[in-house]
Amino acid sequence: MKVHETRSHAHMSGDEQKGNLRKHKAEGKLPESEQSQKKAKPENDNGRSVNGAGDAASEYNEFCKAVEENLSIDQIKEVLEINGQDCSAPEETLLAQCQDLLFYGALAKCPLCGGTLICDNEKRFVCGGEISEWCSCVFSTKDPPRKEEPVKIPDSVMNSAISDLIKKHQDPKSRPKRELGSADKPFAGMMISLMGRLTRTHQYWKKKIERNGGKVSNTVQGVTCLVVSPAERERGGTSKMVEAMEQGLPVVSEAWLIDSVEKHEAQPLEAYDVVSDLSVEGKGIPWDKQDPSEEAIESFSAELKMYGKRGVYMDTKLQERGGKIFEKDGLLYNCAFSICDLGKGRNEYCIMQLVTVPDSNLNMYFKRGKVGDDPNAEERLEEWEDEEAAIKEFAKLFEEITGNEFEPWEREKKIQKKPHKFFPIDMDDGIEVRSGGLGLRQLGVASAHCKLDSFVANFIKVLCGQEIYKYALMELGLDPPDLPMGMLTDIHLKRCEEVLLEFVEKVKTTKETGQKAEAMWADFSSRWFSLMHSTRPMRLHDVNELADHAASAFETVRDINTASRLIGDMRGDTLDDPLSDRYKKLGCKISVVDKESEDYKMVVKYLETTYEPVKVSDVEYGVSVQNVFAVESDAIPSLDDIKKLPNKVLLWCGSRSSNLLRHIYKGFLPAVCSLPVPGYMFGRAIVCSDAAAEAARYGFTAVDRPEGFLVLAVASLGEEVTEFTSPPEDTKTLEDKKIGVKGLGRKKTEESEHFMWRDDIKVPCGRLVPSEHKDSPLEYNEYAVYDPKQTSIRFLVEVKYEEKGTEIVDVEPE
């Protein structure tokens, strides 16, 4: 085996950096500090100082010194074991646990998972156990439960020099309550240096920092960080800033001070760094430390490094030498893994590949790291002469990473999640659209060489380009450059769906509140973002977040996977007209509607009449129609077929552009689950609206991407229509009976203005007016049908969002 390259940035652990505790002193007098404690002090009936918490804290500090100087590590473990505490932590942690136990009493078990409680940075007590194999415990408190019994003291400690001191705290009645450090002082223990013209004076910040527990220094010697103005960074900085950079000190913006004060907690310095890209060894800021908008820009601009099961990971550089994924006995030796443990704050990925290279030995590539922190990832590329040995090593690594065997997983998809272990992301054999779709430079050439109508060619070009899919995944935080989330197997997507549906049912029936409810949500969130590998996982808290970040995200990823398979590899030459080829694969007919036709005028009228501006922050966006496309698809009931059904209505359907290709190719799919929020409150249904304003919310992407598409479809509501003004308790019956549903919103379209289209299809086009249902959770009317055969996409409306009433105002500095 020959090692070409090794890159590991593991840092020395705390145990390696610190020496062992002092060994037990067989004999000796108490330290002077302890002797001084025996001097008379005013005490209350329990022997506690009348001076309160401050005196207790001082006494505890002296007590801790005595324990550290007089008890050996073996005695410390004895104390912990006899009182039912965990002894597996590093020595310095065991010492802190023992000191806390002897002075304040033995900690009870975690009320959530039964794990061991430990003190975290003198600010709170946290649990070291697990909620499940997916998530570490999230229990946290400043006032932990303690055993209401005397502390048990082993004989070896009873015979020590500090036995009398320890006995003094043995009785539960004489124990004080531990007061932990307050999070209200974010700069406690920090020395901060200021430089340059900040938005507030240095004197203002000096008072603010001192009030919040910190101190201000005029130099950078020994400081926690240097706070500078943006102008200093642009100028390259003064000698003070250069000195800070040379010493490796954090140089941050004033926003760090502002945010830390506002949030009552010191924010991560890395997130406010202003000079890492200027320093020689600048490695950038890890994504989890960045502002979400900055992280989104980085992930969006990053190139996908592995497009699918046969994709050689880009960083190996082996694809440049003709490298291919090693395949033997029907197995492809390429695995990707993910772990998201929100209890521990972990969000990591791992890549393992065996790669064959012409005229070379077999290569094994391994990479593991935090998402968005590539410079600090562990990475190695090794060349193996013995093929069988390489295969055995690959299987061994798989078992180390997952706790499972390789072949049962790869052949039968048998896997059992193990605590603190990675879980496989099951990649499919194809090319993810972020890699295989048309790049920006190809778009114009591809449409120029296309034989389709120019408007249709431009439309298909949008659906076959990388951009709309990259943007959708970025918006959802599901665009890691290391793993192809747009090329997953149906088995993996089914697993995700099952996890989601199981949790939805749990949410509906649970009676948990408080930290138990938080633990339930944290467990699901960890499970979800391990399966749906994310650049910015979050702990979901309610059904609205569940709908946005799980249900809707799943539907988008599912539809993007369909698009990836249809689009395939378009990275090559565009002279052979790949757009026409993909158009044929769609199995549909798309045509531009003449702007002088009655259909076009009807669509524009319907949109303009039922539209209300989309509001983003304080800015409102209007909409204008660019083109209207008529659609006939093999996967969708024709107009003639749908006209045979009763009670037909032409309705608006909102859709991300990234989902459109799947809708045209396969037709609408019902919502993935039932939740008491708009879009999901009627269960597994296809939901439309009579208000273009509702659909426009989904079609709108971002200020800098003003183009979008709205869908107009004919829906047959059936002979029987049930109306609701609140989420129905039983959606299963509606799904089984396929009953048409109308959800009544706070606004409705003026009925007197409605008209018919194509003889018997109702168009509920009318001014939006207040309805009598002021307490409805829906803003606009929604319609739900449960059978895809009851819906037929008729028009795709290309729109452009435009800012309304823009006015530029000069703001005077304060």
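The values are calculated or read from the model by the stated rules, or taken from the named source; none is laboratory data. Keep in mind that what you see is a predicted model, and the values were worked out from it rather than measured. Counting neighbours? That spans all protein chains shown, and the Cβs are built from the backbone with ideal geometry, glycine included. Areas reflect the complete protein model, heavy atoms only, side chains present, ligands, DNA and RNA absent. Shrake-Rupley method; radii C 1.70, N 1.55, O 1.52, S 1.80 Å.
Quick notes on this one:
- Rg/Rh for region 433-546 (Cα atoms only, Rh after Kirkwood) is 1.15.
- Seen through its C-alpha gyration tensor, with square-root eigenvalues sorted a ≥ b ≥ c, region 587-803 comes out rounded because a/c lies under 1.5.
- Approximate shape of the chain as ellipsoid semi-axes (Cα gyration tensor, √5λ), whole Å, largest first: 56, 33, 29
- Per residue, the chain exposes 47 Å² of accessible surface when a 1.4 Å probe is rolled over the protein heavy atoms with every protein chain present.
- At q = 0.10, 0.13 Å⁻¹ the log10 of I(q)/I(0) for region 60-141 amounts to -0.24, -0.40, computed by Debye summation with a single uniform scatterer per C-alpha, solvent ignored.
- Note on region 529-614: Kirkwood hydrodynamic radius from all Cα pairs is 17.6 Å, rounded to one decimal.
- Principal axis analysis of the Cα atoms in region 350-393 yields extents of 34, 21, 10 Å, listed in decreasing size.
- Rounded to the nearest angstrom and listed largest first, the equivalent-ellipsoid semi-axes of region 142-193 from its Cα gyration tensor are 33, 17, 8.
- Ordering of 603-613, 427-437 by packing [mean C-beta count within 10 Å, highest first]: 427-437, 603-613
- Sorting the segments 547-555, 454-462, 474-482 by their residues' average number of neighbouring beta-carbon atoms within 10 angstrom, most packed first, yields 474-482, 547-555, 454-462.
- Cα-based convex hull volume of region 461-518 per residue, rounded to whole Å³: 137
- Sorting the segments 748-756, 653-661 by their residues' average number of neighbouring beta-carbon atoms within 10 angstrom, most packed first, yields 653-661, 748-756.
- For the chain, carbon and sulfur atoms together expose 47% of the accessible surface, with a 1.4 angstrom probe and every protein chain in place.
- Angle between the chain longest axis and helix 598-609 axis [Cα atoms, degrees, rounded to 10]: 30
- Relative to the longest principal axis of the Cα atoms of the chain, helix 657-666 runs at roughly 50 degrees.
- Rounded to the nearest 500, the helix-only mean residue ellipticity at 222 nm of the chain stands at -9500 deg cm²/dmol, with each DSSP H run of n ≥ 4 adding -39,500 (n - 2.57).
- Principal axis dimensions, largest first and in whole angstrom, of region 71-191 by Cα: 42, 40, 28
- Taking a quarter of the surface of the Cα convex hull of region 485-630 gives a mean projected area of 14.2 nm².
- Those lysines that a straight Cα-Cα span of less than 20 Å connects to K167, excepting residues fewer than 8 apart in one chain: K25, K29, K38, K39, K41, K65, K77, K147, K152, K177
- Helix 454-464 vs. the chain, principal-axis angle (Cα, 0 to 90°, nearest 10): 30
- Farthest toward positive dipole pole in the chain [+1 Lys/Arg, -1 Asp/Glu at C-beta], among I664, T733, A302: T733
- The charge dipole of the chain, taken about its Cα centre with unit charges on the Cβ of Lys, Arg, Asp and Glu (plus for the first two, minus for the last two), comes to roughly 1100 debye.
- Expressed as a whole percent, the proportion of Cα-Cα pairs in region 191-271 lying more than 17 Å apart is 40%.
- Scaled to the globular estimate 2.2 N^0.38 Å, the Cα spread of region 409-468, given as radius of gyration, is 1.83.
- Classification of region 327-382 by its C-alpha gyration tensor yields an oblate form. The axis ratio a/c (a ≥ b ≥ c) is 1.5 or more, and b/c is at least a/b.
- Rounded to 0.05, the FRET efficiency of the A635 and K396 pair, given R0 = 45 Å and the Cβ-Cβ distance, is 0.45.
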